[in-house]
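The values are calculated or read from the model by the stated rules, or taken from the named source; none is laboratory data. It should be emphasised that the depicted structure is a prediction, and the values quoted were computed from it without experimental measurement. Here the Cβ positions follow ideal geometry from the backbone for every residue, glycine too, while neighbour counts run over all protein chains shown.
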């Protein structure tokens with residue numbers, strides 16, 4: 001006589017239906033985990049891009065502000081230092097300051113001194129926004145054989161609400177756009193927006209503004 005073996009539930013394994021249900025649950029859990037890690041990765045990428053944009057914008061703005069404060073510095077009242085040119089669109093400014101007695105090509109050293117002229121190292125400065133290359137450029141000695149420029153910061157985009165990069169204002173707070181009236185400028189408002197790629201999140205931007213009183217002009 002043939003006897004059929006008797007199995008306990010744990011010994012006979014899982015039925016096809018149980019396997020399908022188990023695989024379905026595993027797929028759901030796996031999908032949740034994948035979604036979590038993708039979201040975490042996007043968040044991390046966005047945060048890193050935001051930090052990069054913030055750092056670049058702040059560093060560039062601080063540099064521009066520091067040099068703009070020198071505009072018009074003329075201790076001997078003989079160099080004619082001041083604002084030499086502005087653009088009506090607020091994309092550029094050229095100014096001079098007498099603070100270095102070293103010739104072009106030399107370093108001013110730790111303790112530069114004025115010499116009554118603006119023909120020395122680093123004394124003629126231009127800031128220019130190149131929209132095509134999305135760069136804010138710093139140019140030295142514009143219009144001379146020694147003209148040279150460097151990119152101060154990349155990823156520069158148009159400011160929100162079409163605010164100009166450089167807004168020139170007179171002593172009453174009115175905007176100056178005509179280069180012929182540049183002698184009336186007493187302050188410059190610098191607004192800088194930098195954009196950084198953020199992976200699947202697209203891009204992130206950071207905008208910073210600083211108002212610079214030209215303390216060496218109009219005194």
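Data overview
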{"item": "Pair list, Cβ under 7 Å, 6 or more apart: the range 171-198 residue without any contact (Cβ under 8 Å) to a residue 12 or more places away in the chain, other residue part of a strand (DSSP E or B) and surrounded by 13 or more Cβ atoms within 10 Å (Cβ to Cβ)", "result": "175/167; 175/168; 175/169"}
{"item": "Qualifying residue in the range 149-162 (condition: more than 24 Å from residue 49 (Cα to Cα), assigned to a loop (DSSP other than H, G, I, E, B) and either at pLDDT below 95 or touching a strand residue (DSSP E or B) at 6+ places or on another chain (Cβ under 6 Å) (or both))", "result": "no"}
{"item": "Residue match in the range 147-162 (condition: within 19 Å of residue 72 (Cβ to Cβ) and touching a helix residue (DSSP H, G or I) at 6+ places or on another chain (Cβ under 8 Å))", "result": "no"}
{"item": "Test: residue in the range 200-211 that is in contact (Cβ under 8 Å) with a residue 12 or more places away in the chain and out of contact with any strand residue (DSSP E or B) (no Cβ under 9 Å at 6 or more places or on another chain)", "result": "yes"}
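This table checks each residue for (1) without any contact (Cβ under 8 Å) to a residue 12 or more places away in the chain; (2) more than 23 Å from the chain's Cα centre (by Cα); (3) crowded, with 18+ Cβ neighbours inside 10 Å.
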position: 102; (1), (2), (3): no, yes, no
position: 110; (1), (2), (3): yes, yes, no
position: 122; (1), (2), (3): no, no, yes
position: 141; (1), (2), (3): no, yes, yes
position: 144; (1), (2), (3): no, yes, no
position: 152; (1), (2), (3): no, no, yes
